[in-house]
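The structure appears below as structure tokens.
Just so you know, all these numbers are worked out from the coordinates, no wet-lab data involved. None of the values given here were measured: they were computed from a predicted structure. For neighbour counting, all protein chains shown are included, and Cβ atoms are generated from backbone atoms with ideal geometry for every residue, glycine included.
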Amino acid sequence: MFKIGVLTSGGDAPGMNAAVMSVAKSAALYGIPLVGIKRGYNGLLRKSASLYDDMEELRLDTVLDIADLPGTYLRTARCKEFMEPKWREFAANTLREMGIGGLVVIGGDGSFHGAEFLCQLGIPCIGIPGTIDNDLPYTELTLGYDTAVNVCVDAIRAIRATSRSHDRPHVVEVMGRHCGDIALTAAVSTGAEIVIVPEVRWSVEDVAQRLNRQLNKGNTRATIVVAEGCWEAMEPFDMYNFLNSHGKKCFEGEPISANRFASILKRMCGMVEVRSTVVGYTQRGETPSARDSAFAFEAGHLAVRLLRDGISNQVIGMHNGKVFYQSIGEALQTKREFRRGLYDLVNNM
């Protein structure tokens, strides 16, 4: 193999830089030149004015210090064009012209689909799961998930302290568009009284009843942890008429949010105040945890070793605490099992 390439694609996640560093360290160990491709698959489509803005030779001395950095050194971006066969062919030809005989793709399911397409075009690819949502069912851990949970846990613990001081319930929104793992694990870890996730249908009225039960027990600082994608699983509720009829101006077309949800609960439960906080991108921009960094190190080394040995069309994952690999197709077809028992335990306490 003359060269290998590495790219980070999709949403950035803590641990991506650690994985790139590990790939660079392993490539140097085996004497394989390494090329970093910038902004995901966009770099393979040569979108920039200069080749040097799309690709960069990664020497070990360049990337040794990036492992602890949040974000991604190689940058990242979505690439809608990659859904079209002609652009995938263009990307494969770019790799061939650059003498790159294998590619390490760090990202989520969309990134893995892209890697599978390149494999079909004769480009050996290995995938490393990089997404804070932990929404790849074949692996028990994705890069960035542990860090994101720790950020949320720290935020919720601080919020619960001030909620206790002021006797105010609090709505805390965390990331998780289609997967509620961050919300559920953060709720379990902090003793939150209510959790709402995209996987389970729910109603505003039911949450208000549960919050009222906490208030009646004397718990005036209850925490409601919600995943950002939970609003799509909400039963129909006329937010506009409710808020406007209760003295809170709300215009038709405005979406439900953590802030508006807190306003609704305040009026439904007769509280002086219900506050809200959106944890937001701090979950992505934090220094990776030890667990994420260690997984990234093992995954990066395994990815290079697989390419060196002529093994392709695989993704790396974690199972029972051990790193393993399986085909991209099998990984993407794995069905996700939501931890409903844990969800019910939080909400029934």
Given (1) buried (at least 16 other Cβ atoms within 10 Å of the Cβ); (2) in a helix (DSSP H, G or I); (3) not polar (S, T, N, Q), number of the condition Met318 does not satisfy: (2)
Residue match in segment 126-145 (condition: of a type outside the set (Phe, Trp, Tyr), buried (at least 24 other Cβ atoms within 10 Å of the Cβ), closer than 22 Å to Ala77 by Cα and more than 17 Å from the chain's Cα centre (by Cα)): yes
Selection status of Gly101, assigned to a strand (DSSP E or B) and farther than 15 Å from Val226 by Cα: yes
Top-ranked residue of segment 274-294 - restricted to ones that are in contact with an Asp or Glu (Cβ under 8 Å, 6 or more places away or on another chain) and not small (Gly, Ala, Ser), ranked as surrounded by the most Cβ atoms within 10 Å (Cβ to Cβ): Asp292
Residue within segment 247-260 that is crowded, with 23+ Cβ neighbours inside 10 Å, within 24 Å of Val149 (Cβ to Cβ) and out of contact with any Pro (no Cβ under 7 Å at 6 or more places or on another chain) present: no
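Being of a type outside the set (S, T, N, Q) and farther than 23 Å from Asp12 by Cα is the filter here; which residues of segment 287-313 pass it?
Those that are of a type outside the set (S, T, N, Q) and farther than 23 Å from Asp12 by Cα: Arg305, Leu306, Leu307, Arg308, Asp309, Gly310, Ile311.
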Some residue of segment 326-334 being part of a strand (DSSP E or B) and in contact with a strand residue (DSSP E or B) (Cβ under 8 Å, 6 or more places away or on another chain): yes
Selection status of Gly43, within 20 Å of Ile316 (Cα to Cα), in contact (Cβ under 8 Å) with a residue 24 or more places away in the chain and either crowded, with 18+ Cβ neighbours inside 10 Å or acidic (Asp, Glu) (or both): no
Qualifying residue in segment 214-229 (condition: within 23 Å of the chain's Cα centre (by Cα) and of a type in the set (Gly, Ala, Ser)): yes
Subset of segment 48-68 [within 27 Å of the chain's Cα centre (by Cα) and part of a strand (DSSP E or B)]: Met55, Glu56
Test for Gly5: is it of a type outside the set (Phe, Trp, Tyr), at positive phi and crowded, with 24+ Cβ neighbours inside 10 Å: no
Top-ranked residue in segment 212-237 [being buried (at least 18 other Cβ atoms within 10 Å of the Cβ) and small (Gly, Ala, Ser); ranked as nearest to Cys269 (Cα to Cα)]: Ala222
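Residue by residue, here is whether (1) in contact (Cβ under 8 Å) with a residue 40 or more places away in the chain; (2) touching a Cys at 6+ places or on another chain (Cβ under 6 Å) holds:
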{"position": "Arg213", "(1), (2)": "no, no"}
{"position": "Asn216", "(1), (2)": "no, no"}
{"position": "Ala227", "(1), (2)": "yes, no"}
{"position": "Pro236", "(1), (2)": "no, no"}
{"position": "Asn244", "(1), (2)": "no, yes"}
Odd one out for Tyr240, checked against (1) outside any helix (DSSP H, G or I); (2) surrounded by fewer than 17 Cβ atoms within 10 Å (Cβ to Cβ): (1)
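Conditions (1) in a helix (DSSP H, G or I); (2) not polar (S, T, N, Q), marked per residue:
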{"position": "Phe112", "(1), (2)": "yes, yes"}
{"position": "Pro129", "(1), (2)": "no, yes"}
{"position": "Asp146", "(1), (2)": "yes, yes"}
{"position": "Ser163", "(1), (2)": "yes, no"}
{"position": "Gly176", "(1), (2)": "no, yes"}
{"position": "Cys179", "(1), (2)": "no, yes"}
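In segment 12-47, which residues are in a strand (DSSP E or B) and touching a helix residue (DSSP H, G or I) at 6+ places or on another chain (Cβ under 6 Å)?
Of segment 12-47, the ones in a strand (DSSP E or B) are 34-37.
Within segment 12-47, Leu34, Ile37 qualify.
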Conditions (1) in contact with a Pro (Cβ under 9 Å, 6 or more places away or on another chain); (2) more than 30 Å from Thr139 (Cα to Cα); (3) surrounded by 15 or more Cβ atoms within 10 Å (Cβ to Cβ); number of the one not met by Ile264: (1)
Enumeration of residues in segment 69-98 that are crowded, with 22+ Cβ neighbours inside 10 Å and not in a helix (DSSP H, G or I): Thr72, Leu74, Thr76, Cys79
Qualifying residue in segment 333-340 (condition: touching a residue at least 40 places away in the same chain (Cβ under 8 Å) and touching a helix residue (DSSP H, G or I) at 6+ places or on another chain (Cβ under 6 Å)): no
